[in-house]
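The values are calculated or read from the model by the stated rules, or taken from the named source; none is laboratory data. Predicted model only: the values in this text are computed from it and were never measured. Cβ: placed from backbone, ideal geometry, glycine included. Neighbour counts: every protein chain shown.
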Amino acid sequence: MAEKFKAFVAGEWFDKGSAGTFLNINPADYDDVVGEFPSCGKEEVDAAVASAKEAQKKWALVPAPKRGEILKRAGDLLVQKKEEIARLMTREMGKILIETRGDVQEGIDTAYYMASEGRRLFGDTVPCELMNKFGMSIRCPMGVCAMITPWNFPMAIPTWKIFPALICGNGIVFKPATDTPATAVKFVEVLLEAGVPPRLINLVPGSGRNVGTSILEHPNVNLVSFTGSTQVGRMIAKKCGESLKRCSLEMGGKNAQIVMDDADLELALEGALWGAYGTTGQRCTATSRLILHKKIADVFTKQFVERASKIRIGNGLDDKTQMGPVVNKEQQDVVAEYVRIGLEEDKADLILGGRALKEGEYSKGFFFQPTVFTNVKRTMRIAREEIFGPVVSILTVDNLDEAIDTLNDTEYGLSSSIYTRDVNNAFKAIRDIQAGITYINVPTIGAEIQLPFGGVKNTGNGHRESGHAVLDTYSEWKSVYVDYSGRLQRAQIDD
Ligand code: UN1
């Protein structure tokens, strides 16, 4: 019998939703059922929004430093439960333990960062143009914020959204990905134990069609924050546009690492392997293109393939495993389909991997070999579309300008990296690369939470997560003028 997990709406836990229940399985071993979860729908979303809206009125009156104390306690609890949550996360979505620990750590970092924002939440004080008049800007809550989160960072990404929303004084409706509802339950338990008012935080697991649609159509949802595919993000933006909800989108990437001929090749190799195959390539920041200077392309490719071929694939709970499965069967099929496309279209050379692993120890999971294509042209689909799996396309260039031009030749603009020892190359790249994040001698993955996270072009819609920039998403600015002259002073008219 599968363990029964619950949803949490209007201060109550319950184990059956209006759309029944759904099962969550371990992608490394599909006989291992992680749990049975309530499948929610419109009924629960309506109740969740009403509850969050009501509870938010009181929460907005709690001084922000006090809200911060609750976030600090949530961080402390995540520290205590880090190992337990990391193991559960590996079981439900497959990435290896050191990475799921890192995922929880990112949540802890966010808790502490946002806890101290409770004592800042800076606005401006500015001089006014008239005498005896004072001007300032303050942050006000948005109201009810709905979070629609992905499965690849089941703790970090919900914390990126929920902690800043809470510190800004908002109520929450949280729809986790159906592949990772267990981590979401643990997170909500932590929030409640830390002292977040029960009716303020609502957890509504269920499908995009049932829960997602009801959220988007609800008139009392003031903001939707979404991380996921560009295709779904576009649909969300359209829906939010109709009702003028604020919407913060963090979507696809086709991130590249440039390796120049003057780079420290060993360092660049390590970075490329981690960026490409960490999280089995399932990060929006994953390195899915390597752009190599022609002088080092052959030697770099040879060593990259040699090392990639040695990556130990297996169950992420095993300490020896270096790369876990992909998250589910559909994702395994998508990756296989891209390999087929790569082979057919314009004939890239498949020089490593390319197959789903289905035999022996892999027979009950969704594993895929580390895969490398060379002779890839910029126009090919494997060089342009997000694959979200362990597949790398190698492109060769003659110089830095061509490298940057190639890197920019995509509809996306999330993360980017250049390995070079030449400071002039580095600064040119910082200026000319079109991306929300540029790393110098660092792989494309591994953003820290004190800087803004997000992308340009079709990766985002101008909002950022993390850092203090995220506060602009979860609050409304109010400008305040205080005239203490005791008479009518007309701006732009009186002296
Ligand atoms: C994601 O892939 O959606 O920068 C988030 C990184 C992580 C977060 C990735 N800190 O790779």
Name every residue in the stretch 319-349 that is in contact with a strand residue (DSSP E or B) (Cβ under 9 Å, 6 or more places away or on another chain) and free of Cβ contacts under 8 Å to residues at least 24 places away in the same chain, in order of residue number. Asp333, Leu343
When you scan the stretch 399-416, do you find a residue that is away from the ligand (no atom under 16 Å from the Cβ), outside any strand (DSSP E or B) and either touching a Cys at 6+ places or on another chain (Cβ under 7 Å) or on the phi > 0 side of the Ramachandran plot (or both), even just one? no
Residue hits (the stretch 1-31; acidic (Asp, Glu) and exposed (fewer than 14 other Cβ atoms within 10 Å of the Cβ)) are Glu3, Glu12, Asp15, Asp31
Selection from the stretch 15-43 of residues under 25 Å from the mean Cα position of the chain (by Cα) and more than 22 Å from Asn328 (Cα to Cα) yields Gly41
Name the residues in the stretch 149-183 that are surrounded by fewer than 24 Cβ atoms within 10 Å (Cβ to Cβ) and assigned to a strand (DSSP E or B), would you? none
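Quick check on my filter: what residues within the stretch 430-476 are of a type in the set (Phe, Trp, Tyr) and within 11 Å of the ligand (Cβ to nearest atom)? Please lay out each step first, then the result.
First pass over the stretch 430-476, keeping only residues of a type in the set (Phe, Trp, Tyr): 439, 453, 474.
Residues satisfying the conditions are Tyr439, Phe453.
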Residue hits (the stretch 99-139; surrounded by fewer than 16 Cβ atoms within 10 Å (Cβ to Cβ) and closer than 18 Å to Lys72 by Cα) are Ser116, Arg119, Arg120
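Any residue at all in the stretch 246-255 that is more than 16 Å from the ligand (Cβ to nearest atom) and at pLDDT 95 or above? Before you say what the answer is, go through the steps one by one.
The first filter runs over the stretch 246-255 and keeps only residues more than 16 Å from the ligand (Cβ to nearest atom), leaving 246-247.
Among the residues that remain, those that are also at pLDDT 95 or above are: 246-247.
Checked against the condition, which is being more than 16 Å from the ligand (Cβ to nearest atom) and at pLDDT 95 or above, the stretch 246-255 yields at least one hit.
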Please verify whether Arg199 is surrounded by fewer than 24 Cβ atoms within 10 Å (Cβ to Cβ), part of a helix (DSSP H, G or I) and in contact (Cβ under 8 Å) with a residue 40 or more places away in the chain, treating the condition exactly as stated. yes
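Listed here are the residues, each with its yes/no results for (1) under 21 Å from Asn152 (Cα atoms); (2) basic (Lys, Arg); (3) in contact (Cβ under 8 Å) with a residue 60 or more places away in the chain.
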site	(1), (2), (3)
Asn425	no, no, yes
Asp432	no, no, no
Gly454	yes, no, yes
Lys457	no, yes, no
Gly462	no, no, no
Val470	yes, no, yes
Lys478	no, yes, yes
Gln489	no, no, yes
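What are the residues in the stretch 239-271 that are over 24 Å from Gly281 (Cβ atoms), of a type in the set (D, E, K, R) and over 23 Å from the mean Cα position of the chain (by Cα), if any? I'd like the intermediate steps shown before the answer.
First pass over the stretch 239-271, keeping only residues over 24 Å from Gly281 (Cβ atoms): 239-248, 261-262.
Pick out the ones that are also of a type in the set (D, E, K, R) and you get 239, 242, 245-246, 261-262.
Of everything in the stretch 239-271, those that are over 24 Å from Gly281 (Cβ atoms), of a type in the set (D, E, K, R) and over 23 Å from the mean Cα position of the chain (by Cα) turn out to be Glu242, Asp261, Asp262.
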Report, by residue number, each residue of the stretch 380-439 that is of a type in the set (Phe, Trp, Tyr) and surrounded by fewer than 17 Cβ atoms within 10 Å (Cβ to Cβ). Phe427
Which one is nearest to the ligand (Cβ to nearest atom), of the residues in the stretch 148-165 that are touching a Gly at 6+ places or on another chain (Cβ under 7 Å) and not aliphatic (A, V, I, L, M)? Pro150
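Out of everything in the stretch 271-318 that is free of Cβ contacts under 8 Å to residues at least 24 places away in the same chain and under 18 Å from Leu352 (Cα atoms), what residue ends up being nearest to the ligand (Cβ to nearest atom)? Let's see the steps before the verdict.
At the first step, the residues of the stretch 271-318 found to be free of Cβ contacts under 8 Å to residues at least 24 places away in the same chain are 298, 302, 306, 310, 312, 318.
Adding the requirement that they be under 18 Å from Leu352 (Cα atoms) leaves 298, 302, 306, 310, 312.
Numbers: Asp298: 29, Lys302: 27, Glu306: 25, Lys310: 23, Arg312: 21 Å.
So the residue we want is Arg312.
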